[in-house]
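Submitted below is the structure of interest, expressed as structure tokens.
What follows is calculated from the coordinates using simple rules that are stated; it is not laboratory data. Since the structure is predicted, the reported quantities are computational estimates derived from the model, not experimental observations. Heads up, the Cβs are rebuilt from the backbone with ideal geometry, glycines too, and the neighbour counts pull from every protein chain shown.
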Amino acid sequence: MRTTVTHAAGRAFDGGLRAFFAYAGLGVAEATGGRFGAHVIRAVPGAHPEPRWHWHELEFQLVWVVRGWVRFEYEDIGEVTLEAGSSVLQPPRVRHREVAHSDDLELVEITAPAQFATHLAD
């Protein structure tokens, strides 16, 4: 592992898991050989989520909201709205779905491992 620094200025956002989000890696996957991942995720203005139940094959997932708001629904606790400064630790394989978000949503997601499978739930 090596010391890795990224800056907001010039950060490139591109496609990823969800078409209504733009993603920017923070160099964590490369620095840790894929053991961990960290992304800044922004809403694509005017694009809305498709609330489909799913789960991720990973060991750790933390979401921290930087700006705006997002509403998730979890099989174990129900619906929650996260606002700037809010976070959620999602247990491995918990079924969940995103219900809605603001056009200015920006969040940070940290995962282990960096790459993981996503499965639609029955």
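Scan region 100-121 for residues that are assigned to a loop (DSSP other than H, G, I, E, B), more than 12 Å from L82 (Cα to Cα), touching a Gly at 6+ places or on another chain (Cβ under 9 Å) and among the hydrophobic types (A, V, I, L, M, F, W, C) and jot them down.
Start the filter on region 100-121 by keeping residues that are assigned to a loop (DSSP other than H, G, I, E, B), which leaves 102-105, 113-116, 121.
Pick out the ones that are also more than 12 Å from L82 (Cα to Cα) and you get 103-104, 113-116, 121.
Imposing the further condition that a residue be touching a Gly at 6+ places or on another chain (Cβ under 9 Å) reduces the set to 103-104, 113-116.
A114, F116 - these are the residues of region 100-121 that are assigned to a loop (DSSP other than H, G, I, E, B), more than 12 Å from L82 (Cα to Cα), touching a Gly at 6+ places or on another chain (Cβ under 9 Å) and among the hydrophobic types (A, V, I, L, M, F, W, C).
Still on this model: How many residues are under 13 Å from E109 (Cβ atoms) and part of a loop (DSSP other than H, G, I, E, B) if we restrict to region 13-22?
So the count comes out to 3.
State yes or no: is A43 under 16 Å from D103 (Cα atoms) and touching a residue at least 40 places away in the same chain (Cβ under 8 Å)? Step through it out loud before you land on a result.
Details: under 16 Å from D103 (Cα atoms): yes; touching a residue at least 40 places away in the same chain (Cβ under 8 Å): yes.
Here the answer is yes, as A43 does meet what is asked.
Among (1) closer than 17 Å to F116 by Cα; (2) part of a loop (DSSP other than H, G, I, E, B), there is one condition G10 misses while meeting the rest; what is its number?
(1)
When you go through G25, G37 one by one, which is the residue that is in contact with a His (Cβ under 6 Å, 6 or more places away or on another chain), crowded, with 17+ Cβ neighbours inside 10 Å and within 23 Å of T6 (Cβ to Cβ)? Step through it out loud before you land on a result.
Working: G37 fails: in contact with a His (Cβ under 6 Å, 6 or more places away or on another chain).
None of the others qualify; the one that does is G25.
While we're on this one: In the list A9, A24, A38, which residue meets the criterion of being in contact (Cβ under 8 Å) with a residue 60 or more places away in the chain and among the small types (G, A, S)? Step through it out loud before you land on a result.
Numbers: A9 fails: in contact (Cβ under 8 Å) with a residue 60 or more places away in the chain; A24 fails: in contact (Cβ under 8 Å) with a residue 60 or more places away in the chain.
Just a single option satisfies the conditions, and that option is A38.
Please specify each residue of region 23-80 satisfying the condition of being assigned to a strand (DSSP E or B), among the small types (G, A, S) and more than 23 Å from Q115 (Cα to Cα). Before the answer, list the steps.
So in region 23-80, the residues assigned to a strand (DSSP E or B) come out as 23-25, 37-43, 54-57, 60-67, 69-74, 78-80.
So of that shortlist, the ones also among the small types (G, A, S) come out as 24-25, 37-38, 43, 78.
Passing the criteria: only G78.
Then there's this: In the set V88, V99, which member is touching a residue at least 12 places away in the same chain (Cβ under 8 Å), under 26 Å from G46 (Cα atoms) and under 12 Å from the mean Cα position of the chain (by Cα)? So that I can check it myself, show each step before the final result.
On the way: V99 fails: under 12 Å from the mean Cα position of the chain (by Cα).
Every option except V88 fails the conditions.
Would a scan of region 103-120 turn up a residue that is among the hydroxyl-bearing types (S, T, Y) and over 14 Å from the mean Cα position of the chain (by Cα)? Quick ask: steps written out before the conclusion?
Residues of region 103-120 that are among the hydroxyl-bearing types (S, T, Y), as a first pass: 111, 118.
Checking the rest, the ones that are also over 14 Å from the mean Cα position of the chain (by Cα) come to none.
Within region 103-120, none of the residues are among the hydroxyl-bearing types (S, T, Y) and over 14 Å from the mean Cα position of the chain (by Cα).
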